[in-house]
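Asker: Can you read through this structure? Questions will come right after.
The values are calculated or read from the model by the stated rules, or taken from the named source; none is laboratory data. None of these values were measured; they are calculated from a predicted model. Here the Cβ is made from the backbone with ideal geometry for all residues, glycine too, and neighbour counts use every protein chain on show.
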Amino acid sequence: MQWSFSNLGQEFRKLEDELGDEGAAFDEFYRRFGFLPQAFRGGKTYSILDRSLTEQGERFQRANSALFNEYPATAMYIDPSIAGDSEYSHQAMLQQLERGNREQWTPEQFAYLQQDQLGDLWYDNANRIAAAMPRAESKAFLLAVSDEIRSKYPLWNERVPGKVQGATNEQQMAEIQRMITDPDLAGSPALAAASRYEALRQEVLVEIIKAGAASISGPKSPTTDAGRIATYGRNELRTLAEELTLQYPEFGPLFKNVYSWEVNVGRDAIEPVIIDAFGEGDIMDDLGLTG
């Protein structure tokens with residue numbers, strides 16, 4: 001097969017969907033093609049409001065305009081076709097650009113994006129190792145990693161100039177909570193799963209607040225009550241999400257794009273992803289990221 005930039009990008013996105021983990025997709029892509037796929041992590045446009053880029057999703061939006069007006073940040077996640085094997089539609093992407101739901105990256109913005117993505121991947125691997133360290137050692141380790149990342153990628157964690165901000169994850173979760181109680185949406189499989197997920201999520205949050213913390217994603221240290229409760233809660237929520245996705249495949253995209261950020265912090269004792277020939281320096285050696 002003749003590989004082009006476009007179909008290599010499609011191959012990487014297919015690996016992400018198949019393996020369900022970005023780090024694993026990086027590993028497998030590198031094994032197959034011999035180079036890292038960082039150029040394919042982002043497209044030439046970005047989403048302001050989440051919208052499907054398939055023909056089926058475009059038809060669903062046109063047929064349910066009132067739904068999208070009421071729940072602009074999350075309505076696409078109850079589209080019954082969202083869990084199907086739908087192909088990307090360039091025409092659907094153009095429609096979303098025309099409606100103002102997507103914007104194009106400028107060359108300057110894309111430079112920020114690439115460095116931010118590379119820095120995030122590096123830090124994510126460091127965070128997985130730091131989770132098993134004593135608190136003081138973990139803090140010093142992550143500070144050193146952050147300094148090294150910024151020396152290599154100075155635009156990492158910098159605000160992208162001119163980027164239009166969309167809905168936050170918190171705003172999306174608030175919409176999902178409203179949708180769960182909307183009687184007009186009672187037949188949605190995605191919301192049936194979200195209702196069960198939210199019930200456990202609220203229980204976990206109550207216990208974390210009792211322990212003196214404020215969020216599910218925040219506490220990480222295994223030496224504090226809040227950290228132990230949060231780690232246990234995140235593991236329970238991830239397990240439930242896997243079970244719900246098997247029972248309700250429509251819940252998979254909703255969980256990945258709305259909820260997963262909250263429970264994947266540090267990956268809680270999951271082994272670090274090993275990527276060869278990724279960087280330089282002692283810290284990268286410690287992470288197992290050099291060839």
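Asker: If Pro154 meets every condition in (1) touching a Phe, Trp or Tyr at 6+ places or on another chain (Cβ under 9 Å); (2) part of a loop (DSSP other than H, G, I, E, B) apart from one, which number is that one?
Answerer: So the condition that Pro154 fails would be (1).
Asker: Next up: Which one of Tyr77, Tyr46 is modelled with pLDDT of 80 or more, part of a helix (DSSP H, G or I) and under 19 Å from the mean Cα position of the chain (by Cα)?
Answerer: Tyr77
Asker: With respect to Glu28, determine if the residue is modelled with pLDDT of 65 or more and out of contact with any Asp or Glu (no Cβ under 7 Å at 6 or more places or on another chain).
Answerer: When the stated conditions are applied, Glu28 passes them.
Asker: Could you check the range 164-213 and list, in sequence order, the residues that are among the small types (Gly, Ala, Ser) and more than 20 Å from the chain's Cα centre (by Cα)?
Answerer: Ala186, Gly187, Ser188, Ala192, Ser195, Ala199, Ala211, Gly212, Ala213
Residue-by-condition table, conditions (1) farther than 26 Å from Leu200 by Cα; (2) modelled with pLDDT under 80; (3) of a type in the set (Asp, Glu); (4) in contact with a Cys (Cβ under 9 Å, 6 or more places away or on another chain):
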site: Thr239; (1), (2), (3), (4): no, no, no, no
site: Glu242; (1), (2), (3), (4): no, no, yes, no
site: Leu246; (1), (2), (3), (4): no, no, no, no
site: Tyr259; (1), (2), (3), (4): no, no, no, no
site: Asn264; (1), (2), (3), (4): no, yes, no, no
site: Val273; (1), (2), (3), (4): yes, yes, no, no
site: Gly281; (1), (2), (3), (4): yes, yes, no, no
site: Met284; (1), (2), (3), (4): yes, yes, no, no
